[in-house]
Structures are given as C-alpha cells and as structure tokens.
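A short reminder: the numbers here are calculations on the coordinates, not readings from a lab. Note that the structure is a prediction, hence the values are computed from the model and not measured. For neighbour counting, all protein chains shown are included, and Cβ atoms are generated from backbone atoms with ideal geometry for every residue, glycine included.
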There are 2 protein chains.
Amino acid sequence: MPSATDQDRVFAALANATRRELLRLLRDDGPQPVRALAEHFAMSRPSLSEHLKVLREAGLVSERRAGRQRIYRLEAAPLCEVQDWLGPYERFWRARLASLGELLDRIPDEIPHAIPREEAP
Amino acid sequence: MPSATDQDRVFAALANATRRELLRLLRDDGPQPVRALAEHFAMSRPSLSEHLKVLREAGLVSERRAGRQRIYRLEAAPLCEVQDWLGPYERFWRARLASLGELLDRIPDEIPHAIPREEAP
DNA sequence: AAAATAAGTAGGAGATTCCCTACGCGTCAA
DNA sequence: TTGACGCGTAGGGAATCTCCTACTTATTTT
C-alpha cells in the first residue's frame with residue numbers, strides 16, 4: 001500500500017544531513033567517485049553507498065562508470081520540483097515577514113509601554 | 001546521538017503525503033480545528049493528531065486553543081528556509097533546462113534524420 | 001595469473017515511523 | 001452534575017531507516 005511517490009522519495013532523501021552534505025559536495029566540487037566523497041565523512045563506505053542509492057532512487061544524483069570507479073553527479077531537476085511545490089506557500093512567509101517588519105518598526109515607540117514597571121504599593 | 005537538526009525535522013515532516021496535504025488544507029482553507037481537517041482523510045483522528053504533532057515540532061504549524069477545539073494554523077517560516085537552502089542549486093536546474101531548451105529547438109530539423117526510415121531492399 | 005583497488009550487496013542490530021485501539025483530560029450542554 | 005464532545009497520549013505491531021561488518025563483483029596493476 002505505501003508505494004512512495006516521487007515527492008515522498010525526494011523529501012525523504014533530503015531529510016538526512018549526510019545526504020544533504022553529499023549533494024552539497026557534488027554541487028560545490030563537481031562530479032566525483034565515491035572514494036572522494038567518502039573522505040568527508042566518519043561513516044563507513046558501504047553506508048555511504050547506501051545513502052547514494054537513496055539519492056539515486058530519488059533522481060537527485062546520477063552515476064557514470066569510469067573504469068572501476070563510479071562517478072556521481074548532481075541532478076537538480078527534483079529540486080526544481082521542490083521549488084515549484086513551495087510556490088503557493090511563498091505569499092505566507094512574505095506576509096509574515098512584512099508584519100514582522102511592521103512590528104520592528106513600532107518597537108522604538110512601544111517598548112517603554114510594552115513591559116510596564118510595577119508600582120510600589 | 002543523532003539529535004535531529006531543525007532542517008532534518010522540516011524535511012522529514014514534508015516527506016509524507018498526509019502531512020503535505022494538511023499543510024495544503026491550512027494554506028487553502030485557512031486555520032481550522034482538527035475535526036475539520038480530519039474529514040479529508042480516511043485515517044483515524046489520533047493518527048492525524050500525531051501528524052500534526054510532527055508538523056508542530058518542525059515549526060510548520062501553530063496551535064491556538066479555543067474552547068475545546070484547537071485551531072491549527074500554517075506557519076510558513078520553515079518553508080522560507082527550505083527555499084533559501086534551494087538557492088545554491090538553482091543554477092544547476094537552470095543550466096539543465098537551458099540545454100533541454102536547445103535540444104527542443106533542434107528537434108524540428110533533426111527529427112527526419114533521428115529515426116531514419118528503413119529502405120526496401 | 002595473482003594481488004590490489006573501487007564499489008556494491010547481504011544480513012543484522014537498534015531506533016524510528018506510521019498506523020491502530022483504548023483511555024485520560026478539559027470544556028461545554030442538559 | 002452528568003454526559004457528550006474535541007483532542008491528546010499510551011502502548012503496541014509491522015515496516016522502514018541507518019548504521020555496522022563481512023563478502024562479492026568488476027577492473028586495473030604487477
């Protein structure tokens with residue numbers, strides 16, 4: 001029954017700091033073999049291989065064989081879909097930031113009254 | 001040891017279709033009590049309560065008591081942070097879409113050669 | 001051909017997820 | 001005050017996640 005959707009797989013893949021760091025490395029340092037990626041983690045290499053598998057199945061990375069290495073490469077298309085998913089929510093945080101702005105604007109005047117000192121009896 | 005970060009909690013909260021649908025309902029229909037939300041799901045109400053708890057702990061919803069109801073409300077700030085996180089990846093899918101665009105531009109000319117008809121012998 | 005290298009797979013332990021039913025707590029209505 | 005209502009929490013079961021240590025497979029080097 002619980003056949004995960006594409007979106008489930010993408011968000012689940014992103015819900016782990018190790019996998020997000022893998023994506024960052026592939027983004028900042030370009031395509032790399034597993035060995036090079038593994039140097040940045042305390043984790044065992046097989047565990048890292050499984051993280052890469054999760055990213056692969058979410059479509060977030062692709063793999064190319066080169067001799068006995070496998071070069072992993074960032075695939076950003078699913079992230080584009082995440083951004084599309086965020087779209088309809090955007091106006092909500094814009095509204096919230098706007099009212100925070102107003103609040104901050106009012107503070108200089110209102111602070112003296114916001115926390116009134118107690119009077120001695 | 002693996003104390004989840006804020007970002008872990010947000011992505012994990014989003015990695016479930018029920019919770020994403022809850023967010024959509026709060027976005028499209030505004031703040032609501034649990035009962036109203038529950039009408040849209042086949043799931044038991046206590047299970048839904050736990051999904052709301054996950055969303056609460058990710059900061060994606062807030063709760064206000066009104067009599068014996070609890071009104072849930074969308075809090076979009078963490079989604080704003082997701083968008084910020086996406087920022088550095090944006091150029092990757094733009095690059096990819098651009099080259100897809102080029103490809104599509106070439107198709108009208110190349111299709112006749114792309115799948116050549118077999119000649120009769 | 002044998003050894004070394006790169007990386008995936010098997011299998012398992014412990015934690016977490018996601019669903020359920022049963023129950024407890026506070027609030028409103030008779 | 002008694003009962004009904006709205007919601008959360010407890011506890012449990014099945015599945016999944018995340019890590020590990022072997023082990024296998026494929027390729028390159030000696």
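Quick one: 3J(HN,Hα) in Hz for the stretch A:50-65, Karplus 6.51/-1.76/1.60 with θ = phi - 60°, rounded, Gly and Pro as x.
Those phi angles translate into 6, 4, 5, 5, 4, 5, 4, 6, 8, x, 8, 9, 10, 10, 10, 8 Hz.
With a Förster radius of 35 Å, plug the Cβ-Cβ distance of B:Ala95 and B:His40 into 1/(1 + (r/R0)^6) and report the FRET value to the nearest 0.05. Please report the intermediate quantities before stating the final value.
Values: r = 39 Å, r/R0 = 1.12.
E between B:Ala95 and B:His40, to the nearest 0.05, is 0.35.
How many angstrom lie between the Cα centre of the stretch A:15-58 and the Cα centre of the stretch B:41-72?
Measuring centre to centre over Cα atoms gives 35 Å.
B:Asp84 to B:Ser3: FRET efficiency via 1/(1 + (r/R0)^6), r the Cβ-Cβ distance, R0 30 Å, to the nearest 0.05?
Plugging the Cβ-Cβ distance into 1/(1 + (r/R0)^6) gives 0.85.
Tell me which residues come under 5 Å, amide H to amide H, from A:Gln32 once H is placed; ignore anything under 5 positions away on its chain.
A:Tyr72
Run through the stretch A:6-81 and list the GluC sites (Glu not before Pro) located in a DSSP loop whose Cβ has at most 10 other Cβ atoms within 10 Å. List each step's numbers first, then the result.
Details: sites: A:Glu21, A:Glu39, A:Glu50, A:Glu57, A:Glu63, A:Glu75, A:Glu81; in loops: A:Glu39, A:Glu75.
In loop regions of the stretch A:6-81 (DSSP not H, G, I, E or B), the sparsely surrounded GluC sites (Glu not before Pro) are A:Glu39.
Taking θ as phi - 60°, what are the ³J(HN,Hα) couplings along the stretch B:3-13 by the Karplus curve (6.51, -1.76, 1.60), each to the nearest whole Hz, with x for Gly and Pro?
So the J values, rounded to whole Hz, are 5, 4, 7, 4, 5, 3, 5, 5, 5, 5, 4.
Quick one: which residues, 5+ away or cross-chain, put their amide H under 5 Å from the amide H of B:Glu75? H built at 1.01 Å from N.
B:Val61, B:Ser62
Can you list the HN-Hα couplings for the stretch A:74-80, worked out from phi with the Karplus curve (6.51, -1.76, 1.60; θ = phi - 60°), rounded to whole Hz and with x for Gly and Pro?
With the stated coefficients, the stretch A:74-80 comes to 5, 10, 8, 3, x, 5, 4 Hz.
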